[in-house]
Amino acid sequence: MSYHIVVCGSIVPDPLQVLEPIVGPTGPALKNEMMLPAVLDPWAGHALFEAANLAKNVPNSKVWLVALGPKAKLQQVMMSVAQKALFTLVAADGPASGFVDAFDTAAALTTAIEGIADLDRDKMLLFGGWQSASRGTGATIQMVGERLGIVNQFQGVDKLTVNADGSMDILERIEGGSYLTSRLSSAPAAMGWATGELPEPPNNPQVGMMNMKSIMPALQQAKPAQLTGAGFKVENVAQPKVMRQTRIEKDMSTDAIAQEIVAWIKG
Amino acid sequence: MSDQQPEVERMSMEADIVCVGYGPATAGFLTTLGRALMNEDGTPIADSASMPGMPPQVICYERADDIGFGVSGIVTKGRGIRQSFPDLDLSQVPMACEVTEEKIAYLYDPYGASRKSMGMKLMETALLPFKKGETLSAELPYIPPFLKKHPGMLLSMGQFMQWTGAEVMSQGLIQIWPGTPVAEPLIEGTRVAGVRLADQGVKKTGEPDTGFMPGMDMKARLTVVGDGPVGPIGRKLDQEFGLPRGKHQREWAVGMKMVVNLPEGCTLKPGTVLHTIGFPEPEIFGFLYVYPDNMASLGIFVPSWFDCPVRTSYRYLQHWMQHPYIWQHVKGGTMRSWGAKSLQESGRRGEPHLVGDGWARIGEGSGTTNVLTGSGVDEAWTSGVQLGQAVIGLLREGKNFTKDNLEASYVTTRRASWLEEEARIAEKSRDGFTKGTFRGLIGMALSGLTKGALNLPGDPKRPHERILTLEEYYQGKISGARIAEIKKATKPNGQTMHDALMDELGWPVINYDGSLLVSHQDALLLGGKVQANHGYADHVLFADAKKCSVCHSPVCAEVCSGQAITVNPDGPVPLFDREKCVHCGACMWNCTQAHPKDAEKTNVEFVAGSGGLHSAEN
């Protein structure tokens, strides 16, 4: 028993930055997006770290990271991500702004996955983020799964346990703060990960060096993704309302501060 | 610190060249090296010793979480940079443009709160004919040639580093790993055999914790040290091998800056360079550089010869911004980014040993900053290029990276270049500042106009020897009894004293507007986006607690750029919160006490650590 784990995940602007949506010549965009530092989408990060952990514990398993994003930024982010988990990069060159149709993105990712030469589809676990810091829904991973003919799909996954008989127990978040445990007899399956249970791994330079063997060639060979944008239109883009008020209080009690915050939240 | 820890089993890897710190010097080095590692026929110029059959393996480790997270607003003539990129199109580098206009302005104090010597008052009087009442400023009618930056360029350090990093890595021959603090050099006798990375999965104290991963040893034939003036590797080499006779590193400054969106309708044109003197204190210089798209970089420098024991860059920055000369342009603007950095201002006088067996120093930590022209980035870049060319030559000739070979190539080239020529002119140019700002300005003019032939002498003291007591500094302004009252009121609350003392002197209260004038903590969050990764040890340590107990003023906490060091209400040793640290290193030289083992250092140890700024616009 072994798994071929394909993680779909790309970059997003570092969430610490102030993002400003604008309408550019090709539609909505983020102002100065290429100037802003980028990170691996945190939701995809959870999926990648879970994949790496699973592959470490199940002999002969392998992890691919399939990423659609601007090559230069992908390269930069990979230098941070590559030290954390062992994977083979498959890159497609294209925007990662969050203003691309999930349908188009799913098609491009599917094409990239189908191009992986030594991927055994019977052993395949398709991982991705249940949410995305730029796209907001787990629609992409669901559509990639559908395109690849994977019928067993799970969203909001927090835990995957491989049993002795090869079956898998999957813990999914469902409505009302509850969990659903499902038992899956075998791969293939698609999983949109919630936060998982693993901390971000430390930087391991040896892992980084091993990953570099695939990263630079993958980036150099990355083909432009075919994103048609047909049938997709962004009607409106706006920043969430941000309220910020700063005041210095020197002698206020904790209770009074708490009460004021509650009142402020209630508006 | 590692020498206090029990031996643990460490992983080890080998490369040919390992670099520490990705700043402008290392960028210059790697840009030069990367272009030449392969011959035109596709064969490597030399075989890797660590991976036979492959080109030389070159790895660079950077402490910050991304390669653009440094801080510096840059105006530079860019001679070295242009030589590396003859067809440089600044429009391809975000936030870059040509210098179009330069001004130096003297700022009069609107509040009468700053301390001015008789010399500075004389200077104010002499400039009265040029004074504009509405902006309380006098633009100097003449900018001496040594200060002129035109023709030159404005750059954002963060964006320039990102741009060069992408260029370097796209060749596929060099790896730059951010988020990887390097703890110490691997010293074997007189040789450096590589570096040791910082331990991960440790407690604040450095003891192993959950997920302990000992820092790996990265062995290399050549270790290139470009970790800047507060970098742990360069300073460890200085500690191990000492500085050359007659050299010392006693002149420092902390630069604090913001990148702002200028208000709509701002009339400043891209490429405008404003430098200011005189306010908020005579010792504090200011700058404002206008980028394209109505953005600007602005900030101040607080030097080690400003003897105030409660020097606070942040509050002074806010007063400087609100001076009418600056405020007319920035009022209504918004902070995009914020940060701080220590500058090693000894220049050539602080130059350490540049090479040894298996190692070479480049950049600011190697004494490249020109303290006369106020220029450092291009000089650092050039030193990296010079080392790059030397290493290419040695690789081609199959020679080892011995001290002699590096001396004959890199050091010889550096000594024969404009870098050395101009550094010699600048070497004594700032000595006058050690005896006062007015004398310093006269000294700079003398050195600059005579090309270093004439200099005003000074008395460079160690930073901890200069810092006055509160009573000495505020003599005649605030009584000892009042100072004692303020101390008594602030210490139990863990507060620093600078706000109360500045209020007492008549500095106006800062009225926050939530966009440009924000609290110090908001500057960390909104501007610097400061973070620290989990599982690393504290990197600011106090060498001897007894020294803290006799400290007359915790200037380390007063000056701390991120309010990461705070006054301890329950004891003498200040508290440190590494999640707020911007890694400026100002604490390292802002301390009233000498290090117990080395009088050239202070009681504050600044070692390898993780995290810091998360803005690439600085």
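The values are calculated or read from the model by the stated rules, or taken from the named source; none is laboratory data. For clarity, every value in this text was computed on a predicted model and none was experimentally measured. No Cβ is skipped: glycine too gets one built from the backbone with ideal geometry, and neighbour counts run over all protein chains shown. What goes into the accessible areas is simple: the full protein's heavy atoms, side chains included, and nothing from ligands, DNA or RNA. Shrake-Rupley method; radii C 1.70, N 1.55, O 1.52, S 1.80 Å.
Taking the Cβ-Cβ separation of B:ALA126 and B:GLU600 as r and a Förster radius of 35 Å, what is the calculated FRET efficiency to the nearest 0.05?
Computed FRET efficiency for B:ALA126 and B:GLU600: 0.35.
Tell me which GluC sites (Glu not before Pro) from the range B:350-435 have a DSSP coil assignment and no more than 13 other beta carbons within 10 Å of their own.
none
Return one whole number: the accessible area per residue of the range B:572-618 in Å², for a 1.4 Å probe.
Numbers: 1320 Å² over 47 residues.
Averaged over the residues of the range B:572-618, the accessible area is 28 Å².
Would you mind checking the pairs B:LYS149/B:LYS331; A:LYS56/A:LYS241; A:LYS159/B:LYS204; B:LYS149/B:LYS601 and listing those with alpha carbons more than 32 angstrom apart?
Over 32 Å apart, Cα to Cα: A:LYS56/A:LYS241; B:LYS149/B:LYS601.
At a 1.4 Å probe, which residues in the range B:9-54 are at least 40 Å² less accessible with all protein chains present than in their chain isolated?
B:MET11, B:MET13
Specify which residue in the list B:ALA138, B:PRO508, B:GLY34 is farthest towards the positive end of the charge dipole of the protein assembly as shown, using unit charges on the beta carbon of Lys, Arg (+1) and Asp, Glu (-1), about the Cα centre.
B:ALA138
Just add up the charged neighbours of A:GLU20: K/R +1, D/E -1, any other residue whose Cβ is under 11 Å from the Cβ of A:GLU20.
Residues near A:GLU20 contribute +1 overall.
In the neighborhood of A:THR110, defined by Cβ-to-Cβ distances under 13 Å, what is the net charge if each Lys or Arg adds +1 and each Asp or Glu adds -1?
Values: positive: A:ARG121, A:ARG147; negative: A:ASP104, A:GLU114, A:GLU146.
Every neighbour counted, the sum reads -1.
Quick one: ranking B:THR267, B:THR413, B:THR373, B:THR223 by accessible area, 1.4 Å probe, largest first, what do you get?
Highest to lowest solvent-accessible surface, that is B:THR267, B:THR413, B:THR373, B:THR223.
Mind checking the dipole of the protein assembly as shown: about its Cα centre, +1 per Lys or Arg Cβ, -1 per Asp or Glu Cβ, Debye to the nearest 20?
Approximately 1860 debye in magnitude.
Return the subset of B:LYS435/B:LYS547; B:LYS132/B:LYS477; A:LYS123/B:LYS219; B:LYS121/B:LYS580; B:LYS491/B:LYS580 for which the Cα-Cα distance in this structure is over 31 Å, preserving the input order.
Violating the 31 Å Cα-Cα cut-off are A:LYS123/B:LYS219; B:LYS121/B:LYS580.
Once you charge only the Cβ atoms, +1 for Lys and Arg and -1 for Asp and Glu, what is the size of the charge dipole of chain B about its Cα centre, to the nearest 20 debye?
Roughly 1580 debye, rounded to the nearest 20.
If you take the Cα Rg of the range B:393-539 and divide it by 2.2 N^0.38 Å, with N the number of residues, what do you get?
Normalised by 2.2 N^0.38 Å, the Cα Rg of the range B:393-539 equals 1.68.
Is the range A:132-267 rounded, prolate or oblate when judged by the Cα gyration tensor, a ≥ b ≥ c being the square roots of its eigenvalues, rounded requiring a/c under 1.5 and prolate requiring a/b larger than b/c?
prolate
Angle, helix B:480-490 long axis vs. longest principal axis of chain B, Cα atoms, 0 to 90°, nearest 10?
60 degrees
Please state the Cα pair-distance histogram of the range B:23-182 with 10 angstrom bins from zero: what percent is in each bin?
Bins of 10 Å from zero give 9, 26, 23, 18, 13, 6, 4, 0 percent of pairs.
Once you average over the residues of B:175-187, how many Cβ atoms of partner chains fall within 10 Å of each Cβ?
Numbers: counts 8, 3, 9, 7, 7, 6, 1, 0, 0, 0, 0, 0, 0.
Neighbouring Cβ atoms belonging to other protein chains average 3 per residue here.
How many angstrom lie between the C-alpha centres of the range B:139-218 and the range A:1-58?
25 Å
Can you give the direction-averaged projected area of the convex hull of the alpha-carbon atoms in chain B, in nm²? Numbers along the way, then the final one.
Details: hull surface 106.5 nm².
Result: a mean projected hull area of 26.6 nm².
What is the helix-to-structure angle for A:71-81, meaning the angle in degrees between its Cα long axis and the longest Cα principal axis of chain A, kept from 0 to 90 and rounded to the nearest 10?
The answer is roughly 90 degrees.
At a Förster distance of 35 Å, what's the computed FRET efficiency of A:GLN221 paired with A:GLU197, Cβ-Cβ distance as r, to 0.05?
Taking R0 as 35 Å, the efficiency between A:GLN221 and A:GLU197 is 0.50.
If the viscosity is 1.306 mPa s and the temperature 10 °C, what translational diffusion coefficient in µm²/s does Stokes-Einstein give for the protein assembly as shown when Rh comes from Kirkwood over Cα pairs?
Taking Rh from Cα pairs, D becomes 55 µm²/s.
If you take the charge dipole of the range B:328-431 about its Cα centre, with +1 on Lys and Arg Cβ and -1 on Asp and Glu Cβ, which of B:TRP338, B:THR413, B:SER383 is farthest toward its positive end?
Positive-most Cα among the choices belongs to B:TRP338.
Whole angstrom only: what separates the Cα centroid of the range A:134-179 from the Cα centroid of the range B:289-306?
After rounding, the separation between the Cα centres reads 50 Å.
Between chains A and B, what is the buried accessible area summed over both chains (1.4 Å probe, protein heavy atoms, nearest 100 Å²)?
Details: alone 14880 and 23940 Å², together 35770 Å².
Summed over both sides, the interface buries about 3000 Å².
Determine the gain in length on full extension of the stretch B:THR205-B:SER50; use 0.36 nm per residue of separation and subtract their C-alpha separation, reporting nm with one decimal. If you can, show how the numbers build up before the last one.
Values: separation 155, 0.36 × 155 = 55.80 nm, distance 3.49 nm.
Gain on stretching B:THR205 to B:SER50: 52.3 nm.
Explain nothing, just the number: dipole magnitude of the range A:120-267 about its Cα centre with +1 on each Lys and Arg Cβ and -1 on each Asp and Glu Cβ, in debye rounded to the nearest 20.
Roughly 620 debye for the range A:120-267.
Dividing the alpha-carbon radius of gyration of chain A by 2.2 N^0.38 Å (N being the number of residues), what value is obtained? Show your work: numbers first, answer last.
On the way: Rg = 20.3 Å, N = 267, 2.2 N^0.38 = 18.4 Å.
After normalising by residue count via 2.2 N^0.38 Å, the value is 1.10.
Which residues of the range B:602-618 bury at least 10 Å² of accessible area once all protein chains are present, versus their chain alone (1.4 Å probe)?
B:HIS614, B:ALA616, B:GLU617
When you look at the Cβ of every residue in A:203-216, what mean number of other chain Cβ atoms sits within 10 Å?
Per residue, the average neighbour count from other chains is 4.
Just going by the charge dipole of chain B, with Lys and Arg at +1 and Asp and Glu at -1 on Cβ, which of B:GLY201, B:VAL290, B:GLY119 is farthest out on the positive end?
Of the listed residues, the answer is B:GLY119.
Do any residues of the range A:57-97 lose at least 40 Å² of accessible area when the full set of protein chains is present rather than just their chain alone, and if so which, with a 1.4 Å probe?
Buried on complex formation: A:GLN75, A:GLN76, A:MET79, A:GLN83.
I'd like to check one number: the per residue accessible area of the range A:109-242, probe 1.4 Å, reported in Å² as a whole number.
Values: 7230 Å² over 134 residues.
With all protein chains present, the range A:109-242 gives 54 Å² per residue.
Which of the cysteines found in chain B have nothing to pair with, since no other Cys Cβ lies under 4.7 Å from theirs?
Among the cysteines of chain B, those whose Cβ sits 4.7 Å or more from every other are B:CYS97, B:CYS266, B:CYS308, B:CYS548, B:CYS551, B:CYS560, B:CYS581, B:CYS584, B:CYS591.
Round to the nearest 0.05 the FRET efficiency obtained for A:LYS266 and B:SER549 when R0 = 45 Å and r is the Cβ-Cβ distance.
0.40
Quick one: with all protein chains in place, what share of the accessible area of the protein assembly as shown is carbon or sulfur, to the nearest percent (1.4 Å probe)?
Carbon with sulfur: 52 percent of the solvent-accessible area.
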